[in-house]
Amino acid sequence: MNVKALARWYANESRDLPWRATSDPWAILLSEVLLQQTQVARGIGYWRRILNRFPTVTSMAEADLDEVMHLWQGAGYYARGRRLHALAVEVCDPEGPWNGALPSPSTSDDTVADFQRLPGIGPYTAAAVASIAHEVPAAVVDGNVRRVVARQTATVQPTAGDVTSLAQAWMDGAHERNVAPSVWNQAVMELGATVCTPRAPTCSACPVQQGCMARDHTNGPTAFPAPAKRRVITERVLALVDVDAQGRPRLFQRPTEARFGGLWGPRYLDANGPEVAHECERRTKVGEVVHLLSHRRLEIEVWVGQTEHGVDPASKAISTLDERVLNLAKGG
Ligand code: SF4
């Protein structure tokens with residue numbers, strides 16, 4: 001791997017993203033948590049809005065979870081919002097070990113390990129924040145890095161251990177050549193996101209095409225790595241939307257540990273559950289919504305009934321799925 005060529009390419013060609021203009025660990029942590037499952041273009045708006053309201057870890061710790069979830073609304077994967085709030089509360093706990101500050105080399109012997117002790121922080125996020133905010137030479141491993149490793153070495157199914165070892169060896173080599181850890185990690189990920197893409201890598205524009213073993217392989221670069229097999233489970237549920245005389249639905253806050261926990265929505269029932277016949281007796285089916293999650297296909301029958309007291313949905317944090325369900329119930 002030609003370290004200097006990749007670092008030079010990153011300096012000249014990388015996308016201009018707002019979190020790349022800061023070294024504030026809180027702002028970088030927020031970008032990493034958002035980008036795990038939200039596309040960059042959409043993530044920018046969420047990052048700006050959430051950071052604007054919560055510019056520090058303390059400001060989020062002092063807020064209600066409801067307010068955090070309201071800002072997270074529409075970004076999906078809501079457990080991330082809940083865990084980030086839990087992280088802020090833990091960091092700012094006066095009885096806890098963090099003294100209101102995220103781990104950093106000035107307060108921690110092992111910044112990456114300390115990050116991983118916080119709620120919702122895995123090896124990727126820990127290495128990303130430690131390297132980008134504090135220049136700790138810890139290699140990140142995400143899907144982009146895995147793909148670049150697989151292609152550079154023409155490995156069909158690299159193990160997690162193989163990918164981590166090679167990514168760290170690249171990081172060590174870059175560090176020896178005075179390439180900053182923040183630059184190196186972001187350069188490898190940027191290469192995977194924009195040039196060495198899953199279906200159509202542009203090898204002719206790749207700064208590390210020399211020495212890449214997949215580039216001229218007889219099976220072509222996209223043979224590496226082999227696509228992961230995904231099993232999608234279908235779940236059938238009923239959404240019971242009861243509305244009042246003003247057309248406002250009755251909403252319930254979902255338990256923290258449930259799917260869409262902390263958000264509000266109508267009551268859901270398992271379509272094969274024992275209460276279905278009884279609950280449907282006094283309601284009318286108005287249609288069906290299909291929603292895809294990462295490993296699940298939700299098929300939701302929407303049943304509408306009546307209630308005395310509904311609420312204005314705009315006043316509550318609601319998932320994109322429940323917005324679709326409520327729109328269908330409203331006749332939208
Ligand atoms: S040469 Fe092609 S396959 Fe190899 S790293 Fe570059 S873009 Fe990916």
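In table form, for the structure just shown:
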quantity: Pairwise label distance in nanometres, LYS229 with HIS175, each label 7 Å out on the Cα-Cβ vector; calculated: 3.9
quantity: For region 92-136 and region 214-293, distance of Cα centres in Å; calculated: 34
quantity: Carbon plus sulfur fraction of accessible area for region 1-103, probe 1.4 Å, in percent; calculated: 46
quantity: Reachable aspartates and glutamates from LYS316, criterion Cα separation under 18 angstrom, eight or more residues apart if same chain; calculated: ASP64, ASP66, GLU67, ASP242, ASP244
quantity: Under 5 Å, built H, 5+ apart or other chain: amide partners of ILE318; calculated: TRP264
quantity: Distant-in-sequence amide H partners of ARG297 (H built 1.01 Å from N, under 5 Å); calculated: ILE233, THR234, GLU235
quantity: Contour excess over end-to-end distance, with Cα ends at GLN210 and GLU257 and 0.36 nm allotted per residue; calculated: 12.0 nm
quantity: Gain on full stretching of the segment that runs from THR153 to GLU275 - 0.36 nm per residue minus C-alpha separation; calculated: 38.3 nm
quantity: Distance in nm between pseudo-label sites at ALA11 and ARG83 (7 Å out along the Cβ direction from Cα); calculated: 3.6
quantity: Normalised per residue, the volume of the convex hull around the Cα set of the chain (Å³); calculated: 163
quantity: Computed lengthening from ASN327 to TYR124, 0.36 nm per intervening residue step minus Cα-Cα distance; calculated: 69.3 nm
quantity: Relative contact order (%) - the chain, alpha-carbon pairs under 8 angstrom, separation at least six; calculated: 16
quantity: Nitroxide proxy distance, nm - points 7 Å out along Cα→Cβ at ARG296 and GLN246; calculated: 3.2
quantity: FRET efficiency for VAL286 and ARG48, using Cβ-Cβ distance with R0 set to 51 Å, rounded to 0.05; calculated: 0.90
quantity: Shape parameters for region 65-144, alpha-carbon atoms, Rg then Dmax in Å; calculated: 13.6, 39
quantity: Residue-by-residue Karplus 3J(HN,Hα) for region 43-59, coefficients 6.51, -1.76, 1.60, Hz, glycine and proline x; calculated: x, 4, x, 5, 4, 5, 5, 5, 5, 4, 7, 10, x, 9, 4, 5, 5
quantity: Cβ-based charge dipole, the chain, positive-most Cα from PRO94, MET171, ALA41; calculated: ALA41
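The values are calculated or read from the model by the stated rules, or taken from the named source; none is laboratory data. A quick note: this is a predicted structure, and the numbers were derived from the prediction, not measured. Positions of Cβ are backbone-derived with ideal geometry, glycine not excepted, and every protein chain shown enters the neighbour counts. Surface accessibility is based on the protein's heavy atoms, side chains included, excluding ligands, DNA and RNA. Shrake-Rupley method; radii C 1.70, N 1.55, O 1.52, S 1.80 Å.
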